């Protein structure tokens, strides 16, 4: 089966750096995704990691360690608009390109 | 382009009623899916389709039915609504690189 764990809530200060962790268990691995979801809106794609290491995309970076079943999303220079839920997801084995999601981490950015 | 559209945006049903949630895409992608999102549980896959005429069950298919007669449309039917089906429903389209584009969601309440 597949299992994804991430913290429920985090709080950080505007301008700071925050790291959101995700651990996963899966019998096969085909990449890890991060999505952002603002309250009342649909999730939007942030990143996709399939190889170990850090992928940087502007203020957001995502890291993957396949041997440890671990990923993190790093948000730099936090802005108020970064207040949202961040969802970690992996493909469901045998279900095409469909995803199984963690419960999401709700990030609150304070002034 | 509208991307992924869903109707209705809000719906209230009584226990035992049936209804169809509509999903349409103008992105010409083969893979489409339905997820439900409940507080603290992330998104869970209900049904998915890898092309017209082909559908399959996801993680939580009971109580739901789907069909895929065209590439553009992927309706989700609730056969006999139950309070446990109160949720936010998202339709998604998968691009070739696994990235999923979500519709705006349908907020369903079953009383």
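Readers should treat all values here as calculations from the given coordinates under stated rules, not as data from a laboratory. Everything numeric here is computed off the predicted structure, so don't read it as measured data.
Worth a mention:
- The tail of the calculated P(r) for the protein assembly as shown, taken as Cα-Cα distances beyond 27 Å, holds 33 percent of the pairs.
- Percent of Cα-Cα distances greater than 22 Å, calculated over chain A: 27
- For chain B, share of DSSP beta bridges that run antiparallel, in % to the nearest 5: 90
- Inverting the pair-averaged 1/r between distinct Cα atoms of region A:1-58 gives 13.8 Å as its Kirkwood hydrodynamic radius.
- Antiparallel DSSP beta bridges within chain A, as percent of all bridges there, nearest 5: 90
- Candidates A:28, A:58, A:40, ranked by Gaussian network fluctuation over chain A, Cα under 10 Å, top entry: A:40
- Whole-Å semi-axes of the ellipsoid equivalent to region A:26-77 (Cα gyration tensor, √5λ, descending): 21, 15, 8
- The convex hull around the C-alpha trace of region B:57-111, projected and averaged over every direction, spans 4.6 square nanometres.
- Alpha-carbon centroid distance for the pair region A:1-78 / region B:3-77, whole angstrom: 26
- The share of alpha-carbon pairs in chain B lying farther apart than 16 Å comes to 55%.
- Using distinct alpha-carbon pairs, which all enter the 1/r mean, Kirkwood radius of region A:47-111 in Å: 13.3
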